[in-house]
1. Give me the residue from the stretch 236-250 that is under 18 Å from Glu308 (Cα atoms) and among the hydrophobic types (A, V, I, L, M, F, W, C) and, out of that set, surrounded by the fewest Cβ atoms within 10 Å (Cβ to Cβ).
2. Take the stretch 169-198 and flag every residue that is within 15 Å of the chain's Cα centre (by Cα) and open to solvent by 10 Å² or more (accessible area, probe 1.4 Å).
3. State which residue pairs qualify: first residue in contact (Cβ under 8 Å) with a residue 24 or more places away in the chain and inside the stretch 153-175, second residue open to solvent by 10 Å² or more (accessible area, probe 1.4 Å) and acidic (Asp, Glu) in any location, beta carbons under 7 Å apart, and separation of 6 or more residues or different chains.
4. Being at pLDDT 95 or above and either under 18 Å from Leu171 (Cα atoms) or surrounded by fewer than 18 Cβ atoms within 10 Å (Cβ to Cβ) (or both): is that true of Val208 here?
5. Mind listing whichever residues of the stretch 297-349 are open to solvent by 70 Å² or more (accessible area, probe 1.4 Å), under 20 Å from Lys147 (Cα atoms) and assigned to a helix (DSSP H, G or I)?
6. How many residues does the stretch 299-325 hold that are under 17 Å from the mean Cα position of the chain (by Cα) and among the hydrophobic types (A, V, I, L, M, F, W, C)?
7. Quick one: what pairs do we get from the stretch 82-99, first residue on the phi > 0 side of the Ramachandran plot, second open to solvent by less than 20 Å² (accessible area, probe 1.4 Å), C-beta under 8 Å, 6+ apart or different chains?
8. If Pro149 satisfies every condition in (1) in contact (Cβ under 8 Å) with a residue 60 or more places away in the chain; (2) not in a loop (DSSP other than H, G, I, E, B) but one, which is the exception?
Amino acid sequence: MAKEGAQRAEETEQMIEKEGGKEAAEGSAAGSLRAGDTKEMRAVVLSAFGGLNKLRVSKKAMPEPQEGELKIRVKACGLNFIDLMVRQGNIDNPPKTPLVPGFECSGIVEALGDSVKGYEIGDRVMAFVNYNAWAEVVCTPVEFVYKIPDDMSFSEAAAFPMNFVTAYMMLFEVANLREGMSVLVHSAGGGVGQAVAQLCSTIPNVTVFGTASSFKHEAIKDSVTHLFDRNADYVQEVKRISTDGVDIVLDCLCGENTGKGLSLLKPLGTYILYGSSNMVTGETKSFFSFAKSWWQVEKVNPIKLYEENKVIAGFSLLNLLFKQNRGGLIKGVMDKLLNLYTNKKIKPVVDSLWALEEVKEAMQRIHDRGNIGKLILDVEKAPTPLMANDSTETSEAGEEEEDHEGDNENKERMPFIQ
């Protein structure tokens with residue numbers, strides 16, 4: 001399989017070089033490309049923070065691996081809710097635009113930087129990337145790259161790292177999930193929610209309470225023990241079943257759900273905040289939604305936590321990887337997760353596949369909470385004619401006529417929460 005992968009990667013490289021050479025010759029006559037700029041790739045480019053109209057599929061210079069990096073010919077990329085927050089600029093200290101979004105991908109190793117060991121050209125891999133994942137080629141440090149099991153598809157591999165590492169670390173590293181415990185997880189139909197449910201099933205007698213939109217209930221009812229509508233009074237529903245509450249609350253919503261989650265904790269229970277999707281209410285960032293959500297967050301009193309024997313925690317996988325240099329810890333977690341996958345204990349749930357040119361529609365589906373499992377950008381997928389005409393047209397320069405309304409207002413940033 002590695003040999004076949006290497007052959008495919010070589011053929012793809014030759015095709016790119018041939019097309020790149022042709023474009024360079026044409027561009028030279030028009031003065032649009034510098035001499036020698038022959039290798040280009042398609043990538044999703046965010047031209048400025050804001051709405052969906054800020055996204056464009058453009059041609060960019062192909063990266064080459066630096067020391068300690070792998071060059072990966074991307075087959076599939078994962079879409080996460082954090083990508084919506086990045087698009088809006090609703091993160092702490094965002095990078096400058098234009099930028100290529102995306103934090104995870106899968107593909108084939110195409111080149112090795114100096115000092116890279118343990119990988120060969122043609123290896124099938126999945127990887128974390130500090131931005132730039134939504135492109136035909138990425139380069140990332142070897143510590144963020146993991147080999148794909150033979151029976152795992154590229155789309156499954158792109159759906160695996162963010163969701164399952166987040167779920168595993170919250171359950172086992174932060175909350176110390178054990179036999180007989182109970183867990184409440186919001187957005188149970190999403191990628192992390194489904195990963196949480198599957199990992200809980202690997203421990204005997206764990207009760208999972210989940211909230212999700214009612215239209216998802218039929219599809220995910222077998223993955224959790226008790227399922228509630230996301231708009232219902234889930235606090236009373238949980239207490240009706242378990243009068244003393246739950247051991248673990250996993251909150252990706254924030255706002256008023258913080259206080260509700262803390263109220264549901266048993267003594268020695270753990271509440272973990274790992275997202276703030278309630279703050280994303282429109283296509284562009286809204287100071288009103290930001291202020292309302294944080295105003296609804298219950299003020300945490302350390303003395304009250306002490307008296308009630310409760311734990312409150314936060315978890316951001318991206319910060320852990322790229323700001324706090326815990327790649328070695330994540331590597332150990334990935335080894336455990338891949339062992340569970342090999343033993344058929346867990347399996348990523350893929351909602352749908354989208355072409356790069358369909359990224360706007362894919363993002364809208366996440367915003368509408370319409371997905372069950374993970375949305376994937378399939379780099380080799382051709383867009384449907386309707387979406388190709390009405391969506392994210394390919395642009396040579398990555399520029400478009402911008403809608404500047406709202407670009408310069410509401411400059412407050414929310415914390416970078418995965």
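The values are calculated or read from the model by the stated rules, or taken from the named source; none is laboratory data. Since we're looking at a predicted model, the values are computed, not measured. Positions of Cβ are backbone-derived with ideal geometry, glycine not excepted, and every protein chain shown enters the neighbour counts. Quick note on the areas: whole protein, heavy atoms, side chains included, nothing else; ligands and nucleic acids left out. Shrake-Rupley method; radii C 1.70, N 1.55, O 1.52, S 1.80 Å.
1. Result: Val246.
2. Scanning the stretch 169-198 gives Ser187, Gly190, Gly191, Val192, Gln194.
3. Hits for this filter: Ser155/Asp378.
4. Details: at pLDDT 95 or above: yes; either under 18 Å from Leu171 (Cα atoms) or surrounded by fewer than 18 Cβ atoms within 10 Å (Cβ to Cβ) (or both): yes.
Yes, satisfied.
5. Listed by number, the residues that qualify are Leu329, Lys331, Asp335, Lys336, Asn339, Thr342.
6. Total satisfying the criteria: 6.
7. Pairs that qualify, where the first residue is on the phi > 0 side of the Ramachandran plot and the partner is open to solvent by less than 20 Å² (accessible area, probe 1.4 Å), are Gly89/Gly50.
8. (2)
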